[in-house]
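The values are calculated or read from the model by the stated rules, or taken from the named source; none is laboratory data. Since the model is a prediction, treat every value here as computed from it, not as a measurement. Here the Cβ positions follow ideal geometry from the backbone for every residue, glycine too, while neighbour counts run over all protein chains shown. What goes into the accessible areas is simple: the full protein's heavy atoms, side chains included, and nothing from ligands, DNA or RNA. Shrake-Rupley method; radii C 1.70, N 1.55, O 1.52, S 1.80 Å.
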Amino acid sequence: MFHWPNNIQRLFLPAGSVHKLRITCCCTLWVLGIFACGFADLRPVGVTVTPGEYDTVLPGEYTPVILGFDTEMQKYETEGILQISSDMGTIEGDRFWKGNELYFTPLAGWTAGVRYTLSLSGMIRSLDGRELRLERFITFYAINKYAPPLVEWYSPADGASVGTGNITIELLFSQPMERLSVESAFTLEGAGTKNFEWLADDTVLKVIPQKDFSAWTSYRWNLKSSAKSRDGVPLAKAVSARFSTDLDQLLPRVSRVFPALNSGGRWLATGESIENGLGPGQGIVVEFNKPMGENVLRSLRFDPSLAGRTEALSDKSVIFIPSRDPEPEMAYTLIVSADTKDSEGLKLGEDFSVCFIPDIPFMKILSIGVDGIPALDTSDRCGDLGSVLAVPVNPSGGELIFTIWFSLPFSAGEKQNAALKIFLNPFFPRSLESVALHSITWLSDDLLRMKWEGLEAGKSGETHYYKLLIPGGKGGINNGGGMYLKEDQYIYLEAIK
């Protein structure tokens, strides 16, 4: 309002006229302002918000948030003041207009039970130039506003020490869960395929690995907050825990190795040492200090190679059963691999080895008995069984009958093969006719009787010799259990009347 200086009022205006002058000046200045600036629309811009009340529950997963105006607005700047967030962060969504209403629809849809905050903050303008400053914050839910589920308990406990076998991770929830979302949100670092088992109306989850855990290893599992209850409400917060498979601190080791003999279907220790006490038909027992894993059956090897199979005797011992007896007088090394694991997965750590020489002699010819003369003892002889042996020959058919006594019994299947490998051939003079095997008879498992014919007794001034050959070595006669003569055995026979 315009004021005259007091001294001017006193000089020119009579008393009582000052107030009228003031009113007149004010009106004049207001009118001048209108004509100078043009018309100004001072009407407020009307606005509505949906949801309009705190903690409203939107009915659907994609129900829009709507900001409505009673006039057309500057769209770009109006869209910029609308923000929606939750504890998970800012919500991304589509903004679009229908007339004077601005719609917001979430790209991923609303999540049940989550509390959202609608923020309207800033200055916006209508197309006719009016301004509107908004400062509003409205919280709301979608679908429902049920309490989020919680993990009330889990096992193994965080930081626990456990074994490696039959370990199950178990979680207890505060309310029934939606299975697929939980299984998708669960991860177990360092483990392979796992199975899920639900119990107690989907409030208990058991996670069962298909393979045992590795020993002395740290494992961590995680359950992301994307796991949802049966009502669709996500977990209040992610959960994770760690455990270690270091409960067992005792390393496995070989406690002893010894020969065993099968008696009535049971393998019994012979009481002999493995170094020089392994006999024919026996197995080798390897005993450990603790229960072992399945791979122990594949952990034994021999140098030189020895064919056979390994079977479990108990949870702490295995037996190697040779397919055939070891080679006589040969040094073997039994090796138990460093990778052999116990039932908890702990390894031996280094190869265990033991050297042994089987107590298995070569097969020998104990004696040769020819009908009509005393038996020839050959038990302490090798190769040449006794130079020349004079044997009587039946002149009618040139028949010669003798028996061979072996140091080891022959199997039924090998008796015929062994007999047919024994040869009797003319030796001197070269003019002698070949002889023929007439018959074979096994008097016992270790006593062979043979009848030959076609031999010619020597004449005056002419000695007749024949060579009896019993082949040795691996290609010679075999008792059916892998035992054979160390070398060829032979004797020269002088045929006499």
key: Accessible-area composition of segment 223-321, carbon plus sulfur, in percent [1.4 Å probe]   = 47 percent
ask   = Once the other residues with Cβ under 15 Å from the Cβ of ALA312 are scored (Lys, Arg +1; Asp, Glu -1), what is the net sum?
value = +1
inquiry  = Classify segment 310-353 from the C-alpha gyration tensor, please: rounded if a/c falls under 1.5, else prolate or oblate depending on whether a/b exceeds b/c.
reply    = oblate
message = Relative contact order of segment 203-249, please, whole-number percent, based on alpha carbon pairs below 8 angstrom and at least 6 residues apart.
response = 40 percent
task = Can you tell me the relative contact order of segment 272-375? Whole percent, Cα pairs under 8 Å, sequence separation 6 or more.
result = 31 percent
task = Could you do me a favour and compute the accessible area per residue for segment 382-445, 1.4 Å probe, result in Å²?
result = 54 Å²
task = Would you work out the charge dipole size for the chain about its Cα centre, treating the Cβ of every Lys and Arg as +1 and the Cβ of every Asp and Glu as -1, and quote it to the nearest 20 debye?
result = 2040 debye
inquiry  = Between segment 398-434 and segment 328-371, what is the separation of their alpha carbon centroids in Å?
reply    = 34 Å
request  = List the GluC sites (Glu not before Pro) within segment 149-247 that fall in a DSSP loop (any state other than H, G, I, E or B) and whose Cβ has at most 15 other Cβ atoms within 10 Å.
outcome  = GLU189
Where segment 100-209 is the region considered: accessible area per residue in Å², 1.4 Å probe = 47 Å²
task = List the residues whose amide H sits under 5 Å from the amide H of SER273, counting only those 5 or more places along or on another chain, with H placed 1.01 Å from N in the peptide plane.
result = none
request  = Specify whether the C-alpha gyration tensor of segment 420-497 places it in the rounded, prolate or oblate class, a ≥ b ≥ c being the square roots of the eigenvalues: rounded for a/c under 1.5, otherwise prolate if a/b is larger than b/c and oblate if not.
outcome  = prolate
task = Net charge near TYR219: determine it from the other residues with C-beta under 10 Å of the C-beta of TYR219, scoring Lys and Arg +1 and Asp and Glu -1.
result = +1
task = Taking the Cβ of GLY472 as the centre, find all other residues whose Cβ is under 11 Å away and add up their charges (Lys, Arg: +1; Asp, Glu: -1).
result = +2
inquiry  = Which GluC sites (Glu not before Pro) in segment 220-302 sit in a loop by DSSP (not H, G, I, E or B) and have at most 14 other Cβ atoms within 10 Å of their own Cβ?
reply    = GLU275
inquiry  = If I take every Cα pair under 8 Å that is 6 or more residues apart in the chain, average their sequence separation and divide by the length, what percent do I get for the relative contact order?
reply    = 8 percent
inquiry  = Helix-only mean residue ellipticity at 222 nm, the chain, DSSP H runs n ≥ 4 weighted -39,500 (n - 2.57), per residue, nearest 500. What is it?
reply    = -3000 deg cm²/dmol
request  = Go through segment 343-411 and name the GluC sites (Glu not before Pro) that are in a DSSP coil and have 14 or fewer other Cβ atoms within 10 Å of their Cβ.
outcome  = GLU350
key: Prolate/oblate/rounded call for segment 287-343, Cα gyration tensor, a/c under 1.5 rounded   = prolate
